[in-house]
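Participant: Pasting a structure below so you can have a look.
The values are calculated or read from the model by the stated rules, or taken from the named source; none is laboratory data. Every value quoted in this text rests on a predicted model; they were computed, and no experiment measured them. All Cβ positions, even for glycine, are placed from backbone atoms using ideal geometry, and neighbour counts span all protein chains on display.
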Amino acid sequence: MKIMITGANGFTGMHLCLSLVQKGFEVHALGRGECRLPSLDNLLYHPIELTSVRSLLKIFEQVAPDVVIHTAAMSKPDICEMHRDECIKNNVEVTRYLLEASRHFPVHFIHLSTDFIFGENGPHREDDTASPLNFYGESKLMAEKLILQSELTASIVRPVFIYGSLLPLGRPSFIQWVQQKLLNGEKIKIVTDQQRTPTYVQDLCDAITTILTFKKTGIYHIAGKDILSPYDMAITVAKVLDLDTELIEPVTSDTFPEPVRRAKRSGLYIDKAIRELNYTPHRFEDAVQLSFKKDLA
Ligand SMILES: NC(=O)c1ccc[n+]([C@@H]2O[C@H](COP(=O)([O-])OP(=O)(O)OC[C@H]3O[C@@H](n4cnc5c(N)ncnc54)[C@H](OP(=O)(O)O)[C@@H]3O)[C@@H](O)[C@H]2O)c1
């Protein structure tokens, strides 16, 4: 089975490429710029700017993928809010181009979306009404609509606040940011009034493996079991690493006048994934422990 992964230099994309190669799949990693992945058998890197339709079609001709996993996105809500045209181009138009290119092959298209398509009153179920609070969420919802309208075999995966181990050349997630600040002895202010169900990246990779292996279509929420605030998460990181919890100051969201609105009560229910994918996510504390063990390995 040939698997094409977009956003292969991103946090999730890198983990996904490595996880699927380790599981024996042939992975075609599509990334922007130089490859950040190690050189491995069955892992082929293709540098590409996804807004170039011509380059995309060429790669599809070359690879003839069986599965496309679309993780690439302009993923920072603040930047999306400020650069709306670019956001539409990267998050919506690129999805359209990929769906169009996929039509010529018997592709299973797996699209990474987000809990940001919802508003308040989380945790949310797969069929809850979407009502994004910011432009990033709107763009991801527009992309979801394209997937649902397409006639491809397709799945939409919605994770939340993804975290996990730091890969060589990879970018850090929230837990490494907390670790670094505390190691430096810096005080950090972290919000207590936002609820999330953070997704451990390895759980996400395993869920996607099940989805592609058993051709599971439709929408799946892939998150953690624990409902936590960023403050709870930071305290857990400090405790797991035996760092000073006193450096973490609890604050409310109005401490930071943010350029974008974020839900106070977000998060996703995962019953469907547990039932249909046999999804068994780690507890947050256990996943943090595993993430740092891997960082040290
Ligand atoms: N991170 C989270 O907490 C979270 C939560 C829920 C959902 N998601 C969704 O999950 C997916 C992965 O998120 P992530 O945090 O792993 O993202 P990320 O680290 O920001 O990676 C996204 C990658 O996409 C690439 N990309 C964007 N536009 C491109 C283009 N036009 N051509 C080629 N490459 C392009 C970026 O390239 P550059 O490296 O050159 O910028 C980057 O490597 C996204 O779809 C995101 O919306 C993320």
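Participant: Considering only residues of the stretch 97-145 that are within 19 Å of the chain's Cα centre (by Cα), touching a residue at least 40 places away in the same chain (Cβ under 8 Å) and surrounded by fewer than 17 Cβ atoms within 10 Å (Cβ to Cβ), which is farthest from VAL67 (Cα to Cα)?
Facilitator: It comes out as ARG125.
Participant: Looking at (1) assigned to a loop (DSSP other than H, G, I, E, B); (2) more than 10 Å from the ligand (Cβ to nearest atom); (3) surrounded by fewer than 20 Cβ atoms within 10 Å (Cβ to Cβ), which one does LEU57 not meet, given that it meets all the others?
Facilitator: (1)
Participant: Looking at the stretch 235-271, which of its residues are at pLDDT below 95 and aromatic (Phe, Trp, Tyr)?
Facilitator: Within the stretch 235-271, PHE256 is the sole residue that qualifies.
Participant: Something else about it: Are there any pairs with C-beta distances below 7 angstrom linking a residue in the stretch 260-282 that is farther than 16 Å from SER155 by Cα to a residue that is among the acidic types (Asp, Glu) and in a loop (DSSP other than H, G, I, E, B), with the two at least 6 apart or on different chains, and if so which?
Facilitator: ALA263/GLU120; LYS264/GLU120; LYS264/ASP193; ARG265/GLU120
Participant: Just to be sure, is GLU138 more than 22 Å from LYS215 (Cβ to Cβ) and either among the charged types (D, E, K, R) or not in a strand (DSSP E or B) (or both)?
Facilitator: Yes; evaluated as a whole, the condition is true for this residue.
Participant: Additional query: Identify, please: which residue in the stretch 60-92 is within 20 Å of THR153 (Cα to Cα) and aliphatic (A, V, I, L, M) and is, among those, nearest to the ligand (Cβ to nearest atom)?
Facilitator: Among them, the one singled out is ALA72.
Participant: While we're on this one: Of the residues that make up the stretch 218-231, is at least one part of a helix (DSSP H, G or I), within 15 Å of the ligand (Cβ to nearest atom) and of a type in the set (A, V, I, L, M)?
Facilitator: Within the stretch 218-231, not a single residue is part of a helix (DSSP H, G or I), within 15 Å of the ligand (Cβ to nearest atom) and of a type in the set (A, V, I, L, M).
Participant: Let me ask you something else. Name the pairs whose Cβ atoms lie under 8 Å apart, with the first residue in the stretch 40-51 and within 11 Å of ALA29 (Cβ to Cβ), the second more than 9 Å from the ligand (Cβ to nearest atom) and part of a loop (DSSP other than H, G, I, E, B), and 6 or more positions between them or separate chains?
Facilitator: From residues that are within 11 Å of ALA29 (Cβ to Cβ), the pairs are ASN42/GLY24; ASN42/PHE25; LEU43/LEU37; TYR45/CYS35; TYR45/LEU37; PRO47/GLU34; PRO47/CYS35.
Participant: Among LEU44, LEU18, LEU50, which is assigned to a strand (DSSP E or B) and of a type in the set (A, V, I, L, M, F, W, C)?
Facilitator: From the options LEU44, LEU18, LEU50, the qualifying one is LEU44.
Participant: Looking at the stretch 29-50, can you tell me whether even one residue there is buried (at least 20 other Cβ atoms within 10 Å of the Cβ), more than 10 Å from the ligand (Cβ to nearest atom) and under 27 Å from GLU151 (Cα atoms)?
Facilitator: Yes, the conditions are met somewhere in the stretch 29-50.
Participant: Considering only residues that are farther than 22 Å from PRO172 by Cα and either surrounded by fewer than 22 Cβ atoms within 10 Å (Cβ to Cβ) or away from the ligand (no atom under 13 Å from the Cβ) (or both), which ones fall in the stretch 1-28?
Facilitator: Hits for the stretch 1-28 are MET1, LYS2, ILE3, LYS23, GLY24, PHE25, GLU26, VAL27, HIS28.
Participant: Right, something else. Please identify the pairs in which a residue from the stretch 147-162 that is in contact (Cβ under 8 Å) with a residue 40 or more places away in the chain and within 16 Å of the ligand (Cβ to nearest atom) has its Cβ atom under 6 Å from the Cβ atom of a residue that is assigned to a strand (DSSP E or B) and β-branched (Val, Ile, Thr), counting only partners at least 6 apart or on another chain.
Facilitator: Cβ pairs passing all conditions: ILE147/ILE156; SER155/ILE110; ILE156/ILE219; PRO159/THR199; VAL160/THR199; ILE162/THR199.
Participant: Scan the stretch 169-190 and tell me whether some residue there is part of a strand (DSSP E or B), among the small types (Gly, Ala, Ser) and either within 11 Å of the ligand (Cβ to nearest atom) or over 14 Å from the mean Cα position of the chain (by Cα) (or both).
Facilitator: Within the stretch 169-190 (the criterion being part of a strand (DSSP E or B), among the small types (Gly, Ala, Ser) and either within 11 Å of the ligand (Cβ to nearest atom) or over 14 Å from the mean Cα position of the chain (by Cα) (or both)), the answer is no, since none of the residues qualifies.
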